[in-house]
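Working notes, beginning with the structure itself.
The values are calculated or read from the model by the stated rules, or taken from the named source; none is laboratory data. What you see is a predicted model; the values in this text were computed from it and never measured. Note: ideal-geometry Cβ built from the backbone for every residue, glycine included; neighbour counts use all protein chains shown.
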Amino acid sequence: MSWSPVLFVHVDFFDEVKKKSERKRLLEAAVAFLPDETRAKIDRQRIQGLAPGEGRKTRTIEEIILGSPFEVNFGYEYGQEKHSRHYAHYPEMAVVQHDCRPNVAFHIDGNFALRTTVARRTQGGEELTIAYIDPMWPKYKRQAWVQKRRGLGKPCGCQKCNPKGGDEEVKKSEERVKKIEEILAKLKNHDSTDITEEMIDEFLVLVDQEKMHTKLSEFYENAALNYNYLGYDVKAKKYADLAVQAGIVEEGPEANGVIANRIFASDIKGHFSYRFTLKRRKGQKT
């Protein structure tokens with residue numbers, strides 16, 4: 001599905017305008033310029049409960065925007081020091097619940113349209129969810145954000161934050177995420193000297209266990225490249241194809257990463273990465 005933004009607010013606005021009352025005045029003035037139908041969509045969000053069964057309260061425009069922080073960048077002018085990062089507001093998406101392991105991926109295209117795609121198979125009656133924050137964050141950080149921005153004062157209630165295994169499962173999960181980050185850093189570093197097939201295999205097992213269905217393109221791409229560095233062309237082909245599939249869901253079919261991985265997958269052995277590490281190791285020995 002696709003949605004259009006109705007409001008852009010520079011990310012620094014909330015820090016640079018110190019007084020909350022002044023921020024409220026300016027944001028209300030901006031919303032007042034919107035068409036009646038669009039303004040009505042935002043007005044409905046003022047009284048929407050962000051967590052089912054947790055009651056309702058009146059929210060400000062600031063709370064609405066920061067509760068659904070979709071970030072876009074208008075680009076950089078030559079020599080410009082100030083960035084052009086803005087929060088874009090999509091009223092239809094703001095009611096979609098947060099989950100730290102969501103079933104819906106999203107991206108914002110070149111026209112600032114927000115596009116969503118179901119990233120994994122869902123069960124009948126299962127609610128569609130997205131992650132408004134990085135699912136790689138540790139639990140305490142995810143909990144704090146949800147409590148402040150979306151939980152009506154309560155921490156995140158998703159299954160990832162409240163697993164059946166309790167604190168022990170949370171600890172295991174965070175250890176897996178830490179290991180994923182450690183291995184990923186090595187996979188991204190072309191100068192890494194200790195990468196093995198077993199390490200890449202372990203990385204993919206950890207990714208599967210963490211069920212990060214909306215971040216797979218990056219993981220699969222780096223796995224594919226490193227398999228190819230070591231000459232494992234069959235595995236490289238498999239994960240390059242998977243990176244393309246995941247990238248279409250997460251970034252759109254015309255994204256640069258998708259195009260690059262499609263080219264990579266079409267000619268694994270002709271790609272610069274084929275046996276790259278092996279050739280370099282051989283050169284170092286001579």
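Summary table below
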| quantity | calculated |
| --- | --- |
| Output for segment 233-247, where each listed residue is more than 18 Å from Arg121 (Cβ to Cβ) and crowded, with 19+ Cβ neighbours inside 10 Å | Lys235, Ala236, Lys237, Tyr239, Ala240, Ala243, Val244, Gly247 |
| Residue among Phe74, Phe106, Phe70 that is assigned by TED's automatic domain parsing to the domain that holds Asp12, among the aromatic types (Phe, Trp, Tyr) and more than 22 Å from Met1 (Cβ to Cβ) | Phe74 |
| Pick from segment 248-270, criterion without any contact (Cβ under 8 Å) to a residue 24 or more places away in the chain and of a type outside the set (A, V, I, L, M), ranking: surrounded by the most Cβ atoms within 10 Å (Cβ to Cβ) | Arg262 |
| Matching option when the condition is of a type outside the set (A, V, I, L, M), surrounded by fewer than 19 Cβ atoms within 10 Å (Cβ to Cβ), farther than 16 Å from Lys211 by Cβ and in contact with a strand residue (DSSP E or B) (Cβ under 6 Å, 6 or more places away or on another chain), among Gln97, Gln147 | Gln97 |
| Search result, residues across segment 150-189 that are surrounded by fewer than 17 Cβ atoms within 10 Å (Cβ to Cβ) and among the hydroxyl-bearing types (Ser, Thr, Tyr) | none |
| Qualifying residue in segment 131-149 (condition: closer than 24 Å to Val207 by Cβ, out of contact with any Pro (no Cβ under 9 Å at 6 or more places or on another chain) and among the acidic types (Asp, Glu)) | yes |
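Residues checked against (1) within 17 Å of Ala246 (Cα to Cα); (2) touching a helix residue (DSSP H, G or I) at 6+ places or on another chain (Cβ under 6 Å):
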position: Leu66; (1), (2): no, yes
position: Phe70; (1), (2): no, no
position: Arg85; (1), (2): no, no
position: Pro91; (1), (2): no, yes
position: Val95; (1), (2): no, no
position: Asn111; (1), (2): no, no
position: Arg115; (1), (2): yes, no
position: Gln123; (1), (2): no, no
position: Ile130; (1), (2): yes, no
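Residues are listed down the side, and each one gets a yes or a no for (1) at pLDDT 95 or above; (2) touching a Ser or Thr at 6+ places or on another chain (Cβ under 8 Å):
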{"residue": "Leu27", "(1), (2)": "yes, yes"}
{"residue": "Leu34", "(1), (2)": "yes, no"}
{"residue": "Leu50", "(1), (2)": "no, no"}
{"residue": "Ser68", "(1), (2)": "no, no"}
